[in-house]
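**Q** My questions all concern the structure below.
The values are calculated or read from the model by the stated rules, or taken from the named source; none is laboratory data. What you see is a predicted model; the values in this text were computed from it and never measured. Please note: Cβ atoms are built from the backbone with ideal geometry, for glycine as well, and neighbour counts cover all protein chains shown.
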Amino acid sequence: MDLEDFLSKLEGVKQLPSGFAARCPAHDDHVASLSVNEGREGGIVLICFAGCQTEDVVSAVGLTMRDLAGAPHVVETYAYVDEEGSPLWHVERWANPKTFRCRPGLPPAAQRLLYRADWLRWAREETETIYVFEGEKDSNRAADLGLVSTCNVGGAGAWLPHYAEQVRGCPVVVVADNDAPGRKHAREVAASCATTALSVVLVVPRYGNDFSELLDLGWTMEALDPLPEEEELGVVCAANVRTRPHEWAWPGYIPFGAVTMGEGDPGDGKSITTTDLTARWSSGAPMPDGSQHGGPFNVVMISAEDDPEATIVPRLRAAGADLSRVFLVTHGVGDPSRPFTISLDLPALSRFVIKQNVKVITLDPLMAFVADDTDSHNDHSVRRAMHPLYRLAQDTGAVVLVIRHLNKGSGKAVYRGGGSIAFIGAARAAYTIGKDTEDADKRILACVKMNIAAMPPSLSFSISQTEAGPFLQWHGAVNVNAQDLVDGRRSSENEEILQFLNTVVEGEPLTWKEIVKYGSDLGYTDKMLRSRRDRSRLTKIVGSEGNRSVRWGYLNHQVNHLPDAAHMPPLTPTDPAFGWDSGKANGPAKPSASPITPPKSGVSGEGGGQVEPSGQMAVSSPDMDDDDSREQALNAAPLVCSICTTEELVNRYGHPWWVVRCLNHSPLTYGE
């Protein structure tokens, strides 16, 4: 029966680009759920998307499965030749049913040769690798890829011992069909060839029933895995493993066929670095260190934080990307409102990567794409979530570049990425991106892990802005490692800078220009000193003239002016105004129950003023209601504590107290 006759027995037939659809006769169908097409080798193929069995569909229209098979016919003919290329016999492959016939017939076993015997002669002369398959169809597919390929007539179980002489002195790869007879046959062939071949490797397709189906599914030769020595246990002989050199998307930095991780704090340039690398891969431009990568390549970008129209595409343009080679994944399969998720959408991504020959996939940030039930701090949960990415890289040979944030902890750089150590464990290479502590305008890319090569040099870059968008400028190698970045310092040199800042002020506080001048004599720049200032003992001291009188000193230096305390809660020596870290010791002091009020007249005391029983002193002035006069009187008062008369650690305290006190009798804390 032909396709037209079968369609005449169905209702609601519609022609589609992929074939025909009709209402399924095996169930109450209102949506035309039956797909009807011609088979690749003849006959009719039925699929009911409601789940009906093909036998039930055929029976419902009064037919049998035999009616779908079509007439027997020859699908392909394979010619066997001698080493000179002269025909010996040919094999016909028939469909409906599938069978093989030899014309005019096979010669005696001792006179039989392998398929493509003329190619095998050339391979022995050139010591080329020979691929041995179970059947002629797979051998032809390999030949289309430029490989020297062969098989024996009769398929599985028909290998003859003298065939091994035809592969003598050559490397041999035996490719098994993915079923029990095929694997048994491949092991027999490998054992026979081992007596004559230079080497023998035994492989099996990772997907599909045979090599042809592997290619039909979109995979490449890279998806041929070592065949285990035994069916029960996956034991593989090392001699049967195909070896291959590592290939690099960025030589020495980012390998193909593996997961690479980039880490850093928000704002340190992770995303724009990914964009810069994408532009180079897509356009074929050299990598940041000047190396070539063999591109241009197609790239898939998956971003959860940056808008394609406002951020990603403008950045790509500014970086010189070939936009026709960059593909952006905006949502998961079938639902524009659902974000891309690794556990749900990776199969569809894998198919797209194979179809478009994509060589690089970026996910930024990684945690936005893992399943909700993934515990990011549990090794087992993380390894389960990362395994699909590992297989995606291995199966497609592409780079899988993932981005994650650093945690807020400290310690070894390899442990500073957010979540479980299993994240970085799944990566073959990992990099930290951070700010250059010597130059706030620069960033550094430093390797934190490299499993397959030597650790590459760290590279410095800066971010420049144009009307088209930001882009990176690379400045070459720097002597900074990943540990320096996550520590936020360069250990030895920065310790010297800290020691300088902690001792530069001896007597009176200094201006910052004065400190920089002293530092320049030792080779320290303004940027170097500023980068370590917050970690030093230096305290900013604001004088009576505000920002025009800023000095830098330590806790024991005089403060010329403090902010108006009438609008501030009472402070204690643990507060930042005194240069102490309020987060240390017992923590910040609690505010007093009531604010301190200005002093009133009372018992006379030293210093020309009057002292209240509480010990607070009011400096005398011609007109105590005049703020200017009070300021003048305060400035004229001798630097002697009005309580203990000491001249050490003395400070003038302004409104509302108008007193001169030492640190121990500060009106901010004294009397509490």
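**Q** Looking only at the range 99-111, which residues are outside any loop (DSSP other than H, G, I, E, B) and surrounded by 13 or more Cβ atoms within 10 Å (Cβ to Cβ)?
**A** If the condition is that a residue be outside any loop (DSSP other than H, G, I, E, B) and surrounded by 13 or more Cβ atoms within 10 Å (Cβ to Cβ), then F100, C102 are the ones that fit.
**Q** L401: surrounded by 21 or more Cβ atoms within 10 Å (Cβ to Cβ) and over 28 Å from A310 (Cβ atoms), yes or no?
**A** no
**Q** Quick check on my filter: what residues within the range 79-109 are touching a helix residue (DSSP H, G or I) at 6+ places or on another chain (Cβ under 7 Å) and of a type in the set (A, V, I, L, M)?
**A** Residues satisfying the conditions are V81, V91.
**Q** Here's something else I'd like to know. Among the residues of the range 145-180, how many are in contact with a Leu (Cβ under 6 Å, 6 or more places away or on another chain) and aliphatic (A, V, I, L, M)?
**A** The number of residues fulfilling the criteria is 2.
**Q** Out of the residues in the range 359-383 meeting the condition of being in a helix (DSSP H, G or I) and in contact with a Ser or Thr (Cβ under 8 Å, 6 or more places away or on another chain), tell me which one is surrounded by the most Cβ atoms within 10 Å (Cβ to Cβ).
**A** The initial filter retains those residues of the range 359-383 that are in a helix (DSSP H, G or I), namely 366-368, 379-383.
Subsequent filtering for residues that are in contact with a Ser or Thr (Cβ under 8 Å, 6 or more places away or on another chain) retains 367, 379, 381-382.
Values: M367: 17, D379: 14, S381: 18, V382: 22.
For the range 359-383, the residue satisfying everything is V382.
**Q** Tell me which of these V236 doesn't satisfy, since it passes every other one: (1) assigned to a strand (DSSP E or B); (2) free of Cβ contacts under 8 Å to residues at least 40 places away in the same chain; (3) hydrophobic (A, V, I, L, M, F, W, C).
**A** Going through the list (1) assigned to a strand (DSSP E or B); (2) free of Cβ contacts under 8 Å to residues at least 40 places away in the same chain; (3) hydrophobic (A, V, I, L, M, F, W, C), V236 breaks only (1).
**Q** Considering only the range 422-437, I want to know if a residue exists there that is touching a Phe, Trp or Tyr at 6+ places or on another chain (Cβ under 7 Å), in a helix (DSSP H, G or I) and not small (G, A, S).
**A** No, that holds for no residue.
**Q** Let me ask another. Considering only the range 159-170, I want to know if a residue exists there that is farther than 14 Å from Y80 by Cβ, among the charged types (D, E, K, R), crowded, with 22+ Cβ neighbours inside 10 Å and in contact with a helix residue (DSSP H, G or I) (Cβ under 9 Å, 6 or more places away or on another chain).
**A** For the range 159-170, residues farther than 14 Å from Y80 by Cβ, among the charged types (D, E, K, R), crowded, with 22+ Cβ neighbours inside 10 Å and in contact with a helix residue (DSSP H, G or I) (Cβ under 9 Å, 6 or more places away or on another chain): absent.
**Q** A further question on this structure: Could you check the range 492-508 and list, in sequence order, the residues that are at pLDDT below 85 and assigned to a loop (DSSP other than H, G, I, E, B)?
**A** E506, G507, E508
**Q** Taking only pairs six or more apart or across chains, which ones have beta-carbon atoms under 9 Å, a first residue in the range 177-189 that is under 11 Å from W159 (Cα atoms), and a second residue that is assigned to a helix (DSSP H, G or I)?
**A** Hits for this filter: V189/Y163; V189/A164.
**Q** Based on this model, can you work out whether P226 counts as assigned by TED's automatic domain parsing to the domain that holds H185 and out of contact with any His (no Cβ under 7 Å at 6 or more places or on another chain)? Don't jump to the end; show me each part of the working.
**A** Numbers: assigned by TED's automatic domain parsing to the domain that holds H185: yes; out of contact with any His (no Cβ under 7 Å at 6 or more places or on another chain): yes.
Against the criterion (assigned by TED's automatic domain parsing to the domain that holds H185 and out of contact with any His (no Cβ under 7 Å at 6 or more places or on another chain)), P226 qualifies.
**Q** Here's something else I'd like to know. Can you find a residue that is polar (S, T, N, Q), surrounded by 15 or more Cβ atoms within 10 Å (Cβ to Cβ) and closer than 30 Å to A143 by Cβ anywhere in the range 88-96?
**A** Of the residues in the range 88-96, the ones polar (S, T, N, Q) are 96.
Adding the requirement that they be surrounded by 15 or more Cβ atoms within 10 Å (Cβ to Cβ) leaves 96.
Next, only the ones that are closer than 30 Å to A143 by Cβ stay: 96.
Yes: the range 88-96 contains one or more residues that are polar (S, T, N, Q), surrounded by 15 or more Cβ atoms within 10 Å (Cβ to Cβ) and closer than 30 Å to A143 by Cβ.
**Q** I'd like the residue in the range 175-209 that is among the aliphatic types (A, V, I, L, M) and assigned to a strand (DSSP E or B) and, out of all such residues, is nearest to L114 (Cα to Cα).
**A** It comes out as V175.
Conditions tested, residue by residue: (1) over 17 Å from the mean Cα position of the chain (by Cα); (2) at pLDDT 95 or above; (3) not in a helix (DSSP H, G or I).
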position: E231; (1), (2), (3): yes, no, yes
position: T243; (1), (2), (3): yes, no, yes
position: M261; (1), (2), (3): no, no, yes
position: D276; (1), (2), (3): no, no, no
position: P286; (1), (2), (3): yes, no, yes
position: S291; (1), (2), (3): yes, no, yes
position: V313; (1), (2), (3): yes, no, no
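**Q** Further, regarding this structure: Check V550, V542 and return the single one that is out of contact with any helix residue (DSSP H, G or I) (no Cβ under 9 Å at 6 or more places or on another chain), surrounded by fewer than 19 Cβ atoms within 10 Å (Cβ to Cβ) and of a type in the set (V, I, T). Before the answer, list the steps.
**A** On the way: V550 fails: out of contact with any helix residue (DSSP H, G or I) (no Cβ under 9 Å at 6 or more places or on another chain).
Of V550, V542, the one residue that is out of contact with any helix residue (DSSP H, G or I) (no Cβ under 9 Å at 6 or more places or on another chain), surrounded by fewer than 19 Cβ atoms within 10 Å (Cβ to Cβ) and of a type in the set (V, I, T) is V542.
**Q** Taking the condition of a type outside the set (K, R), within 20 Å of P365 (Cα to Cα) and without any contact (Cβ under 8 Å) to a residue 12 or more places away in the chain, does A279 pass?
**A** Details: of a type outside the set (K, R): yes; within 20 Å of P365 (Cα to Cα): yes; without any contact (Cβ under 8 Å) to a residue 12 or more places away in the chain: no.
Spelling it out, it is not the case that A279 is of a type outside the set (K, R), within 20 Å of P365 (Cα to Cα) and without any contact (Cβ under 8 Å) to a residue 12 or more places away in the chain.
**Q** Can you pull out the residues in the range 293-307 that are outside any strand (DSSP E or B) and either among the aromatic types (F, W, Y) or surrounded by 22 or more Cβ atoms within 10 Å (Cβ to Cβ) (or both)?
**A** H293, F297
**Q** Identify the residue in the range 133-154 that is assigned to a loop (DSSP other than H, G, I, E, B) and among the hydrophobic types (A, V, I, L, M, F, W, C) and, among all such residues, is surrounded by the fewest Cβ atoms within 10 Å (Cβ to Cβ).
**A** Filtering the range 133-154 for residues that are assigned to a loop (DSSP other than H, G, I, E, B) and among the hydrophobic types (A, V, I, L, M, F, W, C), the one surrounded by the fewest Cβ atoms within 10 Å (Cβ to Cβ) comes out as L145.
**Q** Sticking with this structure for a sec: Looking at the structure I just gave you, is R384 over 21 Å from R428 (Cα atoms) and charged (D, E, K, R)? Talk me through it step by step, then tell me what you get.
**A** On the way: over 21 Å from R428 (Cα atoms): no; charged (D, E, K, R): yes.
So R384 fails the test.
**Q** Does at least one position in the range 202-219 carry a residue that is farther than 21 Å from L392 by Cα and free of Cβ contacts under 8 Å to residues at least 24 places away in the same chain?
**A** No, because not a single residue in the range 202-219 is farther than 21 Å from L392 by Cα and free of Cβ contacts under 8 Å to residues at least 24 places away in the same chain.
**Q** Read through the list (1) more than 23 Å from G208 (Cβ to Cβ); (2) in contact with a Pro (Cβ under 9 Å, 6 or more places away or on another chain); (3) outside any helix (DSSP H, G or I), then give the number of the only condition that G157 fails.
**A** (1)
**Q** Restricting to the range 390-409, name every residue that is of a type in the set (D, E, K, R) and part of a helix (DSSP H, G or I). It would help to see each step written out before you state the result.
**A** Residues of the range 390-409 of a type in the set (D, E, K, R): 391, 395, 404, 408.
Within the range 390-409, R391, D395 meet the criteria.
**Q** State which residue pairs qualify: first residue within 16 Å of M287 (Cα to Cα) and inside the range 473-487, second residue small (G, A, S) and outside any loop (DSSP other than H, G, I, E, B) in any location, beta carbons under 7 Å apart, and separation of 6 or more residues or different chains.
**A** Between residues of the range 473-487 that are within 16 Å of M287 (Cα to Cα) and residues that are small (G, A, S) and outside any loop (DSSP other than H, G, I, E, B), the close pairs are Q473/S462; Q473/S464; H475/S460; H475/S462; G476/S460; A477/S458.
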